[in-house]
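So the structure is just underneath, and the comments pick up after that.
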Amino acid sequence: MSRFEISRDYLLRHTLLPFATVAAALLLLGASVWYHGEQEKRFAEASANRAAVHRNYEALVFRRKLVERYHRRYEEFRELGFIGMERRLDWVEILRKTSLDLTLPHVRYAIEPQLQVVAPVESLMAGETIQIHLSHLSLQAGLVHELDLLRFVDELQRNAPGLIKVDSCEMEWQGDRSDTLKAGANILATCSMLIFSVVTSDVTAGTAT
C-alpha cells in the first residue's frame, strides 16, 4: 500500500457522518417546504371561508334590517287602514264628524263601487298575493273660508282609513246665490278624491264595509 492510496474504511469512517447529516438536512428541508406549502394552502382556504362567512353574515344583517324596516312600514300602513279591506262605515262617520268639528255649513258626498287597480309595475315577489283597490269619492262642501277646505282634507287624510289622493278640487264663490249664503256658505267646493286600499295574503277576504 502506497502512501497516496486512501483506505476505503478510513474514507467511509470520516465521510459517512457528514453525508448522512447533509442527507438528513435535505430531507428536513424538503419536509419543511412541503409542510409550509400545505399550511399556506390551508390558510388561504380558511381565509376564503372566513371572507365568505363574513359576506354571508353582512348579507343576513342587511336582509334582517330590510325586513324590520318594511315590517314597521307595513304595520304603520295597516294602522292607517291602507292595508286591509275598505271600511266605508268608518269613512261615513269620519266625514260626518269632521264636518261637525270644522262647523262646515253642509257636506254632501258619494262613494262609487270599489274597483281593483292593475298596478303599472308588479312585484315578482308579491305575485297575486297583493291586490290594490280603488274607490272614487265625490265631495261637495260649503265653506266659510278657503282654508276650511285645506283643514277638511287634512283631517280626512289624518283620520280616515286608507290612502287618500285628491284628484281635483274646484271652488266657486257663492256671492250671487242667496240660498247658499243664507246657509252660511261663502264658497262651494267640489272635489274628486281617490281612496286606495291594499289587500295582502294575510287579510281575510271580504267586501268593503
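The values are calculated or read from the model by the stated rules, or taken from the named source; none is laboratory data. Since the structure is predicted, the reported quantities are computational estimates derived from the model, not experimental observations. Don't worry about glycine lacking a Cβ; one is built from the backbone with ideal geometry, like all the others, and counts go over all protein chains shown.
Condition test on Phe62, is it within 16 Å of Arg158 (Cα to Cα) and within 26 Å of the chain's Cα centre (by Cα)? When the stated conditions are applied, Phe62 does not pass them. Taking region 55-154 as the region of interest, the strands (runs of 3 or more DSSP E) fully inside it that hold 2 or more residues being small (Gly, Ala, Ser) and within 30 Å of Ile187 (Cβ to Cβ) are 131-143. Residues considered: Leu181, Leu124. Of these, the only one that is surrounded by fewer than 10 Cβ atoms within 10 Å (Cβ to Cβ) and at pLDDT below 75 is Leu124.
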